[in-house]
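Have a look at the structure below, then the notes.
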Amino acid sequence: MNRVFPSFGSAAGPQLGPFERQVLGELWSRGSATVRELIEDGKIHQAYTTVMTTMDRLYKKGLLDRAVEGRAFRYSPRHTAEELQRVAAVEGIRQLLGSGDTSSLPLSYLVEALSTHDAQLLDELQLLVERKRRELKSREQC
């Protein structure tokens, strides 16, 4: 998926705060909710207006959809947690690659982090690189 989500993971856009992440997490687990439903659930211990303002901000950042339901809005996540995680990871790696003069240095950081975390990930990285090379070669031949 090549879609870029507004304001998420970019240096120019605002980052998500802890409460915004909590609200998103609740909405991902429920599918959708009104402000009142989130508060009545008991997992969120903020004032109604705080939750309402936070959900409105997430909507304005392009992370939530909303539909009128009576006198309130029903909010639902516009993207999955996995989509947002992917965008944040790709943007972080792009920033790392663009931060130095030598492009191989940030790559060495990635390899070091992978090997420290799990040596098997290095094998998976190699397979992904080989697959991407084949894909790029087949595009060039078309």
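The values are calculated or read from the model by the stated rules, or taken from the named source; none is laboratory data. Predicted, not measured: the structure shown is a model, and the values here were computed from it. Backbone-built Cβ (ideal geometry, glycine too); neighbour counts: all protein chains shown.
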Next item on the list: Would you point out which residue out of R3, R94, R21, R86 is assigned to a loop (DSSP other than H, G, I, E, B) and either modelled with pLDDT under 95 or within 14 Å of the chain's Cα centre (by Cα) (or both)?
Entry: R3
Checklist line | Conditions (1) outside the structural domain of R36 (by TED's automatic domain parsing); (2) of a type in the set (D, E); (3) not in a helix (DSSP H, G or I): number failed by D65 | finding: (1)
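Only one of these is in a loop (DSSP other than H, G, I, E, B) and surrounded by 11 or more Cβ atoms within 10 Å (Cβ to Cβ): H45, H79. Name it.
Numbers: H45 fails: surrounded by 11 or more Cβ atoms within 10 Å (Cβ to Cβ).
Result: H79 is the single residue among H45, H79 that is in a loop (DSSP other than H, G, I, E, B) and surrounded by 11 or more Cβ atoms within 10 Å (Cβ to Cβ).
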Next item on the list: For L125, work out the one condition from (1) under 23 Å from the mean Cα position of the chain (by Cα); (2) assigned by TED's automatic domain parsing to the domain that holds W28 it doesn't fulfil.
Entry: (2)
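For segment 26-42, enumerate the residues that are surrounded by fewer than 14 Cβ atoms within 10 Å (Cβ to Cβ) and part of a helix (DSSP H, G or I).
Hits for segment 26-42 are S29, R36, E40, D41.
Out of all the residues in segment 61-70, which are of a type in the set (D, E, K, R) and either modelled with pLDDT of 95 or more or under 13 Å from A33 (Cβ atoms) (or both)? Please lay out each step first, then the result.
If we filter segment 61-70 for residues that are of a type in the set (D, E, K, R), which is where we start, we get 61, 65-66, 69.
Listed by number, the residues that qualify are D65, R66, E69.
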